[in-house]
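Working notes, beginning with the structure itself.
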Amino acid sequence: MIPLDINGKRQNVDLPGETPLLWTLRDELGLTGTKFGCGMALCGACTVHVDGQPVRSCITPISAVASKKVVTIEAVGADAVGKALQAAWVDKGVPQCGYCQAGQIMSAAALLKRTPKPSETQIDEAMNGNICRCGTYTRIRAAIKQAAAQQGGTR
Amino acid sequence: MSAPVDRVIVANVSRRRFLQGMSLGGLVLAVGYPSIARAQEAKKYGADGMPNGWVDNPLAFVSIAEDGTVTIVCHRSEMGQGVRTGMPMIVADELEADWKRVRVAQATGDEKKFGNQDTDGSRSTRHFFEPMRRCGAAARTMLEAAAAERWKVPVSEVEAKNHEVVHRATGKRLGYGALAKAAATQPVPARETLRLKDPKQFRYIGKGQLKLVDGRDIATGKAQYGIDTRLPGMLYAVVARPPVYGGKVASFDPAEALKVPGVERVVEIEASPPPAHFNPVGGVAVLARNTWAAMQGRRALKITWDDGPNAGYDSTAYKASLEESARKAGKVVRNDGDFTAAAAGAAGRHEAEYYVPHLAHATMEPPAATVRIANGKCEVWGCFQSPQAARDLVAKRLGMSADDVTVHVTLLGGGFGRKSKPDYAIEAAVLSKAVDGKPVKVTWTREDDLHNSYYHTVSVEHLEAGVDGQGKPVAWLHRSVAPTIISTFNPAAKNEAAFELGMGVINVPFAIPNIRIENPEAVAHTRIGWFRSVSNIPHAFAVQSFVAELAAAAGRDPKDFLLEVIGPARQVSPEMLGDTWNHGESPERYPVDTGRLRRVVETAAREAGWGRKLPKGRGLGIAAHYSFVSYIAAVVEVAVDDKGAITVPRVDMAVDCGATVNPDRVRSQMEGACVMGLGIATLGEISFKDGRVQQNNFDAYEVTRMVGTPREIRVHIIPGDYSKPMGGVGEPGVPPIPPALCNAIFAATGKRIRRLPIRDQLTV
């Protein structure tokens, strides 16, 4: 049994410790918002937060996150940064197919928590690990800037 | 919603009755087209030419609950183009529905009920704009009739307006919910009696004000894709497939796989020998309690493959063989004037050869499907561009009637043509059957996706020109050599089909008197399939690069030269260009309009500030292409540093796709096409060695990332007229991008790229 803390909910899972967090979330816990894209931390679709840090859940074994705080796309909107990003994503019409966007938002949320006023270069660097095959990158940049500006306005 | 999924309007009106009403009208009257050539009985165009055509039955697409909630069915698959917002928006507009009270339901795969559902060819909007308008108008008319009856006034005195019907004289009003039941007893109006809105009255169409219907679900992780299906008792499967096209399992040992914790079953899927069609390629499946366990089980399988006749497929050798073919005469597919004589007598001669490799769609959501079989019925869930094909082929494989198969279409995490081929649905069906109908989800890994795709073709384009004293071409030869998509269905096919030739090789609308287009043979050694914009990619790359090369040789401005080669504004019959396909559209309704092509060139150039001074290492390149009956031009600004690294600060795209339903999604499609086009130009390549794909994942099969994305992509939409035929949007933005980039690189550096991807070709 491995104790997990997912979106504030503590639960034990009966799986081998090397099982990636991604498949535990998706297949065992029914949290399918976190997406599979490559299985090798190359595309960022599976990004979640572990103790506030962006982590690729496809290569993160559950044994490594035992008792740590895991936050997924389903709960990232519980705080102001996540909520502002989700609103900006809708407002700017960022998604096309939308499949990668959970990972994009998780990477963006980690960026804004670390760097509330990111420069263009900082945005590009922080988001470069997240592939969007539809090519929504220019709108992702715009949405991050909008969310950052909004956060700045309310602070 | 008080009456969920209760098709209130549907009650009491038989489909047969509606169809009788339909048969009177014909397409023309309700729509206000100028005149469709009714004589064209033999050949059908547009949606009429697609399997199961179109349906404009409001009973199939619209239902109204008593609380006033309007549910509109979207029968086309959503893969990022915005169709689940766009199609219902058309219905809602004519229906005078309040968008806030509209819900969108996704159709199951059922073309008899909904009309054609093949979501490909950039045709959802152009084929269904008018049927969807009629759906909305018919439902609106039924609501008005119900209100008039209730008030005992002539229907001419009432008017539907923003989710209610108003009696003009008295100001009495009734909401759509209150009228729903009574409206259901009204006959569906005959098509020719329908009153469509004047486009000036549109409230949603063309405004670009509505947010995506799935936007919030996507941003909060609630949206459901094919890979997200979960059913009670479901098993998770991955499949080890033959690494070589046409290969099969020689022998396998499941023992170690079955020892992996969580693995429940190992099942062989019978190989389908070529031609591939949409069949699974066979292999060995591992079924487990979760996807990870299945993947671990697959790793533990011991399989000996029989590679079959394509084991020698080698991309380096194949490229050489295509080049050899391209340098010899081939099947003549268009011959205007006399190329040979004109070239012999020309003041100058030019020749160039271009190469575009195989590509894989690499949808972010890899193929995935779930099947459950119970009580003689089969249910399928998945990300399908062609749900009816999934239904028919699953039924066939299971030996069931298609009536007993229901295909639930999820959101598609990208399509790009890959998900037009439902091989993964058949895999899931075979596996579910093997475990007595238990639900089974098949998930493809990224490696599976890259190793067993239906690849974009690989091509060599050989061009020759004879030019006059001013460097203007008077003779044009284009030999296109590429394995055809038809080979996936008929292994004897060695020539490009009409639909491939009609993607920018045969139908160049240039003002050149002597044009010869040839198509030497090529044999396919893998599954060739549709990839976003298909053969337009290599054709536009070659043609638009070659025109720029001729401009450079003539010492002319590339934009002015391109306009001169296009020639004066005129309407050219596709048939005159040897194009019998014309993207499936009527040659009368959709002539090739060089005036529109000129206009996008001029617009893109003007908006990009063509001719502006740029610092050293920067350049502008232009390219234009007609495809999917739309006209697109792009100006790319490139910066090449002293090490040869490329960045693209800005791209301007001008698009003439006729009138638009959702201009914001036209923009987003162009933005995405630009990013994908840049990836094709700079990074993308699938190559084979020993019959096997050499790229395993996104480390070797690279696609554009944030850093490679232009700072600015500016999209300029040419205003359209709703009375004129619409063009496609999803695909035509891609083809002009690679040549525009390479033309920009030439302007910046003097180096000409003729082989894609560019990768390190500029590295110093």
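The values are calculated or read from the model by the stated rules, or taken from the named source; none is laboratory data. Keep in mind it's a predicted model, so treat the numbers as computed, not measured. No Cβ is skipped: glycine too gets one built from the backbone with ideal geometry, and neighbour counts run over all protein chains shown. Side chains are part of the model used for accessible areas, which takes the heavy atoms of the whole protein and leaves out ligands, DNA and RNA. Shrake-Rupley method; radii C 1.70, N 1.55, O 1.52, S 1.80 Å.
If the limit is 20 Å between Cα atoms, which of B:152/B:197; B:616/B:643; B:248/B:302 go over it? Write down the numbers at each step before the final one.
Details: B:152/B:197 25 Å; B:616/B:643 13 Å; B:248/B:302 14 Å.
Correct reply: B:152/B:197.
Between chain B and chain A, roughly 4800 Å² of accessible surface gets buried, counting both sides and using a 1.4 Å probe. When B:438, B:421 are compared by accessible area of protein heavy atoms, the largest-first order is B:438, B:421, using a 1.4 Å probe. With R₀ set to 45 Å, the beta-carbon distance separating residue B:222 from residue B:349 gives a calculated FRET efficiency near 0.15. Measuring with a 1.4 angstrom probe and ignoring ligands and nucleic acids, residue B:248 comes out at about 100 Å² accessible. Counted by Cβ distance under 12 Å from residue A:43, the other residues give a net charge of +1, where Lys and Arg count +1 and Asp and Glu count -1. Computed over chain B, the per-residue total of -39500 (n - 2.57) for DSSP H runs of n ≥ 4 gives a 222 nm mean residue ellipticity of -8500 deg cm²/dmol, rounded to 500. If a spin label sat at a point 7 angstrom from the Cα of residue B:699 along the line to its beta carbon, the backbone N atoms of region A:60-90 nearer than 17 Å would be those of A:60. Take every DSSP beta bridge whose two residues both sit in the protein assembly as shown; close to 75 percent of them are antiparallel.
In sequence order, region B:80-88 has phi-based couplings of x, 7, x, 5, 6, 8, x, 4, x Hz under the Karplus curve 6.51 cos²θ - 1.76 cosθ + 1.60, θ = phi - 60°, and Gly or Pro positions carry x. If you take the Cα centroid of region B:696-741 and the Cα centroid of region B:577-635, the two points sit 13 Å apart.
In the context of the full set of protein chains, residues of the protein assembly as shown present 35 Å² of accessible surface per residue (probe radius 1.4 Å, heavy atoms only). Comparing each chain alone with all protein chains together (probe 1.4 Å, DNA, RNA and ligands left out), the residues of region B:195-219 losing at least 50 Å² of accessible area are B:211, B:216, B:218, B:219.
Leaving ligands and nucleic acids out of the surface, order B:616, B:197, B:172 by accessible area at 1.4 Å, largest first.
Of B:616, B:197, B:172, the descending order of accessible area is B:616, B:172, B:197.
Computed over protein heavy atoms with a 1.4 angstrom probe, the accessible surface ordering of B:559, B:643, largest first, is B:643, B:559. Interface residues of region A:121-148, defined as those with an accessible-area decrease of at least 10 Å² between the chain by itself and the complete set of protein chains (probe 1.4 Å), are A:124, A:127, A:128, A:131, A:133, A:134, A:135, A:137, A:138, A:139, A:141. Of the whole protein surface, residue B:98 contributes about 30 Å² of accessible area at a 1.4 Å probe radius.
Which positions within region A:84-102 get 20 Å² or more of their accessible surface covered by the other protein chains, compared to the chain by itself, with a 1.4 angstrom probe? Going by heavy-atom accessible area, the residues of region A:84-102 that drop by at least 20 Å² are A:86, A:90, A:91, A:93, A:95, A:96, A:97, A:98, A:99. Inter-chain Cβ neighbour count for A:24-33, averaged per residue, equals 5 (cutoff 10 Å, partner chain atoms only).
Given the options A:72, A:60, A:34, state which has the largest fluctuation in a GNM of chain A using a 10 Å cut-off (strictly under) for Cα springs. Of the options given, A:60 has the highest mean-square fluctuation. Sequentially through region B:656-662, phi angles give Karplus couplings (6.51, -1.76, 1.60; θ = phi - 60°) of 10, 10, x, 5, 10, 8, 9 Hz, Gly and Pro residues having no value and appearing as x. Taking 0.36 nm per residue of separation and subtracting the Cα-Cα distance, full extension of the segment from residue B:569 to residue B:105 would add 162.6 nm. Element breakdown for chain B at a 1.4 angstrom probe: carbon and sulfur atoms account for 50% of the accessible area. Note on region B:353-431: antiparallel DSSP beta bridges, both residues inside, total approximately 55 percent of the bridges counted. Under the rule a/c < 1.5 gives rounded, and otherwise a/b versus b/c splits prolate from oblate, where does the protein assembly as shown land using the Cα gyration tensor? Rounded, since a/c falls under 1.5.
Classify chain B as rounded, prolate or oblate, taking a ≥ b ≥ c as the square roots of the eigenvalues of its Cα gyration tensor: rounded when a/c is under 1.5, otherwise prolate if a/b is larger than b/c and oblate if not. Judged from the Cα gyration tensor, chain B comes out oblate (a/c at least 1.5, b/c at or above a/b).
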